[in-house]
Amino acid sequence: MSRTIGVMASEHIAVGLVENREISGAIRIYPEDGSGIEGLLGTPAESIVQGVVEQIRIVAGGKKIDAIGVGVPGVVRDGIIEESPNLPQVKGLNLEIELLQAFRTDDSFVPILILNNADALAAGIAVTQGYMDKFVRVWTLGRGVGYGRYPRRDGVWEGGHSVVSLDPKERFCQCGGVGHLEGIVGNRAMRLRFLDLEPEEVFDNALAGDVRCRDFVRYWHRAIAAATATAVHMDGPGRFFISGSNAKHVDTNLLALYLAEMVKIGPLTGSKMEVMPASDAMAVIGAAVSAEMAALDA
Ligand SMILES: [Zn+2]
């Protein structure tokens with residue numbers, strides 16, 4: 001029986017023990033005061049690492065752990081967080097080394113995997129929904145836009161920054177790039193586009209028939225379809241899940257219609273798009289199982 005720990009950093013940091021690919025016991029949330037990642041903005045990187053290490057120790061309960069997987073937003077390579085827009089002080093942090101040192105003993109060490117949080121979620125969907133032998137891709141729609149894939153491959157998958165518009169005025173992406181998916185679909189970008197409305201109001205007004213909002217919501221769907229079409233043209237058709245706080249606004253029929261307009265090469269047609277309400281548990285399981293699989297491959 002494997003005992004692994006999954007850690008997921010997104011709106012907050014969730015830590016859980018995973019036994020036989022299921023959550024065992026309660027998931028712990030850090031920071032404990034419930035202030036979320038925004039509450040950590042003024043906290044130095046070393047203190048955040050210390051906090052996460054403490055939560056892992058509590059969850060492990062003093063017993064042996066086979067692997068630890070940590071999903072973090074941003075660009076992650078070789079255990080180093082190269083960029084993390086929502087938690088800038090961890091940029092450059094070698095989290096793998098920090099955790100290796102924290103959990104090593106004289107005669108053993110715990111394998112650590114640091115991965116992109118959307119990749120962790122894709123793995124979690126694969127494990128919990130019975131797609132472990134399939135190719136799973138996921139869009140996470142929230143403040144920003146994440147793109148994850150299972151099986152995980154080393155590389156940079158910043159699909160949220162796919163170029164979906166050639167309009168030079170499309171410059172609302174947090175990264176500064178022009179024409180990006182996140183610059184249309186992300187919450188931060190929607191607030192900049194509709195200075196008078198919150199994203200929730202934009203979707204509500206669209207349903208109520210407001211023309212400006214309705215046109216934008218169609219454009220919003222078209223942008224997701226365009227980035228999905230690019231993923232299909234680069235990597236083939238398959239299952240795409242849509243998760244995150246704005247997934248509830250997705251009309252999968254409209255997305256399928258737009259995607260069908262954008263993908264016409266016969267063998268590349270037939271992708272499925274499905275809304276998947278994400279839970280901490282799903283992502284924690286995905287991070288833990290990814291770490292376990294990476295340790296077995298090593
Ligand atoms: Zn961008």
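Numbers for the structure displayed
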item: Convex hull volume of segment 223-298 per residue (C-alpha atoms, cubic angstrom); result: 106
item: Whole-angstrom gap from segment 226-298 to segment 107-122, using each part's C-alpha centre; result: 21
item: By average C-beta atoms within 10 angstrom, highest first, the peptides 259-265, 274-280, 69-75; result: 69-75, 274-280, 259-265
item: Share, in percent, of DSSP beta bridges within segment 131-275 that are antiparallel, nearest 5; result: 45
item: Least to most buried among Ser108, Ser2, Ser290 (fewest other Cβ within 10 Å first); result: Ser108, Ser2, Ser290
item: Sequence-separation-based contact order of the chain, relative, with Cα cut under 8 Å and 6+ spacing, percent; result: 21
item: Anisotropy class of segment 131-275 from Cα gyration tensor, a/c 1.5 cut; result: prolate
item: Exposure proxy ranking, count of Cβ atoms within 10 Å, fewest first, for Val284, Val163; result: Val163, Val284
item: Amide H contacts under 5 Å for Ile242, placed H, 5+ residues apart; result: Trp139, Glu274, Val275, Met276
item: Fewest-first ranking of Thr105, Thr228, Thr43, using other Cβ atoms within 10 Å as the exposure measure; result: Thr105, Thr43, Thr228
item: For Pro31, net neighbour charge (Lys/Arg +1, Asp/Glu -1) across residues whose Cβ lies under 14 Å away; result: -4
item: Beta bridges per DSSP with both ends in the chain, % antiparallel, nearest 5; result: 55
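Every number here is computed from the coordinates shown, using simple stated rules; none is lab data. This structure is a prediction, so every number in the text was calculated from the model and none was measured. In this analysis, Cβ positions are derived from the backbone assuming ideal geometry, glycine residues included, and neighbour counts consider all displayed protein chains.
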